[in-house]
Structure formats: structure tokens, C-alpha cells
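Just so it is clear, none of the values below were taken in a lab; they were calculated from the coordinates. Source: prediction; values computed, not measured. Don't worry about glycine lacking a Cβ; one is built from the backbone with ideal geometry, like all the others, and counts go over all protein chains shown.
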There are 2 protein chains.
Amino acid sequence: MRKPKKPNKQTQKTSSTMQTQRIILSGSGGQGVITAAIILAEAAVLYEDLNAVQTQSYGPESRGGATRADVIISDAPIYYPKVEQPNLAACLTQEAYNRYSRSIRPGGLLLTDRHYVRQDPRIDAHQVPLDMHETVMKEIGNPIVLNICMLGALIGLTVLIRPESVAHVLERRVPAEFLDMNRMALQTGLDMVTKMTR
Amino acid sequence: MRKPKKPNKQTQKTSSTMQTQRIILSGSGGQGVITAAIILAEAAVLYEDLNAVQTQSYGPESRGGATRADVIISDAPIYYPKVEQPNLAACLTQEAYNRYSRSIRPGGLLLTDRHYVRQDPRIDAHQVPLDMHETVMKEIGNPIVLNICMLGALIGLTVLIRPESVAHVLERRVPAEFLDMNRMALQTGLDMVTKMTR
């Protein structure tokens, strides 16, 4: 299903046998992390010919208010769908950060939002704090698409999947009147990390 | 978090050590089965003091158009989150039925919609075909809440969770302007099976 296109820095796959990506997206109830996880999984499966599993595990801790959504993406079959040690994580609240940042694999990528999260320097991860909330509010004016901005930053920081694949899923899932706002949020997230890595 | 209330036929729990419920909700992309699965899992966790895991497993088969969402609900910890043999399943399209009805545990409950699915009598399950689509269109006039009607029927047919718990999740998740429609759909599903079992 993938259209042929010239590879560039942001879209090039490093190898046909990719490292399995274990991802935790976390935040509070209204921030749309489950939606972001579903979009990410669908993009990987429908437009990247990969396998994906997307899970919400609700134990006693989920009654506290932290929401967590797991995604595993792989070019091999996925037998165990729960993420124990993510190599990628995003935390959109301090509570989610306090709860999940310690489970990250050493050297893993940990994306946070400066508006919500104060980092703990003792965490053994590549911590990337971004002003996603502030930028979304300034450039789009609606906090509802913070989750899509986060997705843009996450895929911009990794070689996980192509931005176009996420855009295709947005076109399928998002009501027409909100599509432009979601596209802008995706691009905003991508731009924030492109500026960083240049 | 549960408020005390008199037990009645629809809400009474049979035992404090419940049978683990393994559920597959399936249909096509736009029918909201993933949303229904998330609502069911959240209702069980937030308002019934149960554990739940909700999973989307996307393999090569998911590119065909059938959507599948798994939910496991238990009063014990859940170690393996994927559903192999459900004891409850709902199929909202023929394709989903053809793909998933055979995996049901012998004697399990299999809910279908007569508008979309023609049953195979060879399936070893308690098959319950309902006119959910037709009833939703007649009484509510919008097919978008078929998934919530299905949820109403499913919890009405089992002692899974209380309808009020699903209603509470709807109040948290559904935008105000759509809440009444969703409440009506839940009640419609419950009424359809209450009539049946009387």
C-alpha cells in the first residue's frame, strides 16, 4: 500500500529488520493519549506494512488519574502485547512522568512537555523536554490537538514511521471540520524537533 | 467508588470471584468497536473495581477492513492481554463474523446484527441476532451510536457490569451535545435484550 517516494532524512528506514519499538504514551484522561496510540498503530499497519499492537492496561493504579496507552510496532509478529520497558515514552503530566519514566529502557527516548512536567535528571534516558503545549496554544489555539503534536514530535525524533502515514490516518478518522487543525498540530510537532536536530 | 444500591436482576453479581470475561468486539472501521471496547474497559475499572485490559492487535489481516478490539475483564490480575478464545463476542459485519465467530469458546455468547450478518448455524455458540441497526435507525435516527446500543445489549445479556457504570463513562467521554443520543442508544440495547429474556 506504500506509494513509492524518494527517501529523505525523516522518512528513511534504517533496515528491513527494524528494532521492535515499545512505546508508552501517558498523560491524564482528557489529553487524548489513547487516541494518539491508536492513530500511531493504525499508521504503522495500514501505511507501513508493519505489525502493531495497541493496549490499555487498567489496574488499580489507573484509578488515580494517569492514563497510559501502549503501542508495540514491529516487522515481526508480536507475541506479548504489553510494554514492560519502553524504548520510547511520552509523558504529558507530572503524575504520568513520576509513574512511568522509571520504566524506560536505559538510553531510551523520553519526550515530555515543559508546561506539565519537571524532569528528574536521575532518569537514565535521552530526555527531550519540548514546549508542545505552549506552541500548540500559540500557533493553533486549541489544546485538544496536543496529542497529535506529541505524535509529530515522536515520529520526528525517531525513524518509526513516516509523517504521511499519520496524516493518512488523520484523514480517515478525524471529522472534516477538525482535519486542518490536526494536520497543523502534526506539522507543529515535526517542526519543533526538526529545528532541534539541525 | 461504587455507590450502594439494591441489587436487581440486571445488576446483581453472581459471585465475588467472577469468571474472567474474554471479549472480542468486531466490525468495520467506522462502526466504533474500538471506542465501545475502551468504554467497556473503563466502566469495569472505574466503577466496578475490576481489572481490565483493552487491546487492538493489528496483523496482516487487519488490512482487509475488519476491525477487532479485545477486552479482558477480571477481578484478578490479567497477565496475558490478548484474547484467543472469547466467551463473549459481537460481530457487526459479515466479514468480522466470518473471521472471528469460529474462535469463540464452545457455548460462548455471540451477538450479531441481523442487518449486517447472516448466521452460520454450525457455530457452536449461543448466537443472539438482534435488529440493533434497524432499531437505532428507527428510534434514534443516527447509525453512529450502533456501537453503544451493542454495548447495552452485551451488558444486558450478561452480568458483566452495571449499565450505570457505562453511563458514567459516557458522561465523562462524550461531548455534551451527543450525550443524550448515547444514553438512548445504551438504553435501546438494554431494552432489546430485556424484552427477549422476559
Charge dipole magnitude, Cβ of K and R +1, D and E -1 - chain A, Cα centre, debye nearest 20 = 420 debye
Part-to-part distance (alpha-carbon centres) for the stretch B:130-198 and the stretch A:125-198, which is given in Å | 34 Å
Consider all pairwise Cα distances in the protein assembly as shown and report the whole-number % of them above 37 Å.
-> 21 percent
Net charge near A:D70, counting Lys/Arg +1 and Asp/Glu -1 over other residues with Cβ under 9 Å of its Cβ?
-> +3
Along the charge dipole of the protein assembly as shown, which of B:G141, A:Q54, A:L179 sits closest to the positive end, that is, farthest toward it, with unit charges on the beta carbon of Lys, Arg, Asp and Glu (+1, +1, -1, -1)?
-> A:Q54
Using the Karplus curve 6.51 cos²θ - 1.76 cosθ + 1.60 with θ = phi - 60°, work out ³J(HN,Hα) for each residue of the stretch A:19-29 in order, rounded to whole Hz, and write x for Gly and Pro.
-> 6, 4, 9, 10, 10, 10, 10, 9, x, 10, x
Chain B - mean residue ellipticity at 222 nm from DSSP helices (-39,500 (n - 2.57) per run, n ≥ 4, rounded to 500) | -12000 deg cm²/dmol
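Within a 10 angstrom radius of each residue's Cβ in B:47-56, how many Cβ atoms of other chains show up on average? Whole number is fine. Numbers along the way, then the final one.
Working: counts 1, 0, 2, 1, 5, 5, 8, 7, 8, 12.
Partner Cβ neighbours, averaged per residue: 5.
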Just going by the charge dipole of the stretch A:21-197, with Lys and Arg at +1 and Asp and Glu at -1 on Cβ, which of A:N98, A:S26, A:L110 is farthest out on the positive end?
-> A:N98
Whole number please: convex hull volume per residue of the Cα set in the stretch A:33-149, in Å³?
-> 114 Å³
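Let's see if you can work this out: charge +1 on each Lys and Arg Cβ, -1 on each Asp and Glu Cβ, no other charges. What is the dipole magnitude of the protein assembly as shown about its Cα centre, in debye to the nearest 20?
Numbers: 46 positive and 38 negative charges, 93 e Å.
Roughly 440 debye for the protein assembly as shown.
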How far apart are the A:H126 label points across copies, placing each 7 Å from Cα toward Cβ, in nm, shortest first?
-> 5.4
Of all DSSP beta bridges having both residues in the stretch A:21-197, the percent classed as antiparallel (nearest 5) is 50 percent
With point charges of +1 on the Cβ of Lys and Arg and -1 on the Cβ of Asp and Glu, referenced to the Cα centre of the protein assembly as shown, which listed residue (B:A41, A:T158, A:I123) lies farthest in the positive direction of the dipole?
-> A:I123
